Amino acid sequence: MDELVAWLRAQLDEDERTAQAASPGPWYVNAEHDEVMAVDDVTVAEGFALSGRQLRATVDHIARHDPARVLREIDTKRRLLDLHRPYVPEPNQSCLGCAGGIMFSSCPVVRLLALSYTDRPGYREEWRP
């Protein structure tokens, strides 16, 4: 397996562990629009330190990125990475960009998937698209 793909899978594993340890999703915003609540009615985050529009926007943002969504995104990224293997002549079974036998770290799709993790240890600038 290509180093970039292995590193990216490790990042997804770390995100999955964090999401699974968090309060269960889906999360929602309370009636006062100042707290994020988990599906089991536990307060996940309070926006009291913020003011007005910023409070509502931050609370909305946190609620939209609940563990359930993160787990769906991880699953999607893993499925995309699964397509990065030697060409299989069946529809939707491999990345056509990688069909020519290029290293997976040269694939623009894999590089783009890694882009959101540039702040994590181990990311290499040479992987940047």
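The values are calculated or read from the model by the stated rules, or taken from the named source; none is laboratory data. As the structure is a computational prediction, the values presented were derived from the model and not from experiment. Note: ideal-geometry Cβ built from the backbone for every residue, glycine included; neighbour counts use all protein chains shown. Just so you know, the surface numbers come from the protein's heavy atoms only, side chains and all, with ligands and any DNA or RNA stripped out. Shrake-Rupley method; radii C 1.70, N 1.55, O 1.52, S 1.80 Å.
Can you tell me which residue is modelled with the lowest pLDDT among those in the stretch 11-36 that are open to solvent by 50 Å² or more (accessible area, probe 1.4 Å) and among the hydrophobic types (A, V, I, L, M, F, W, C)?
ALA31
Give me the pairs, please: first residue somewhere in the stretch 1-21 and in a helix (DSSP H, G or I), second residue anywhere and among the hydroxyl-bearing types (Ser, Thr, Tyr) and open to solvent by 50 Å² or more (accessible area, probe 1.4 Å), beta-carbon distance under 8 Å, and either six or more positions apart or on two chains.
Partner pairs satisfying both residue conditions: none exist.
Any residue in the stretch 117-129 that is modelled with pLDDT under 85 and surrounded by 15 or more Cβ atoms within 10 Å (Cβ to Cβ)?
Within the stretch 117-129, none of the residues are modelled with pLDDT under 85 and surrounded by 15 or more Cβ atoms within 10 Å (Cβ to Cβ).
Can you name the residue in the stretch 59-76 that is open to solvent by less than 50 Å² (accessible area, probe 1.4 Å) and assigned to a helix (DSSP H, G or I) and, of all such residues, is modelled with the lowest pLDDT?
VAL59
Examine the stretch 84-92 for a residue that is modelled with pLDDT of 90 or more, among the basic types (Lys, Arg) and under 27 Å from THR118 (Cβ atoms), and state whether such a residue exists.
Looking through the stretch 84-92, none of the residues is modelled with pLDDT of 90 or more, among the basic types (Lys, Arg) and under 27 Å from THR118 (Cβ atoms).
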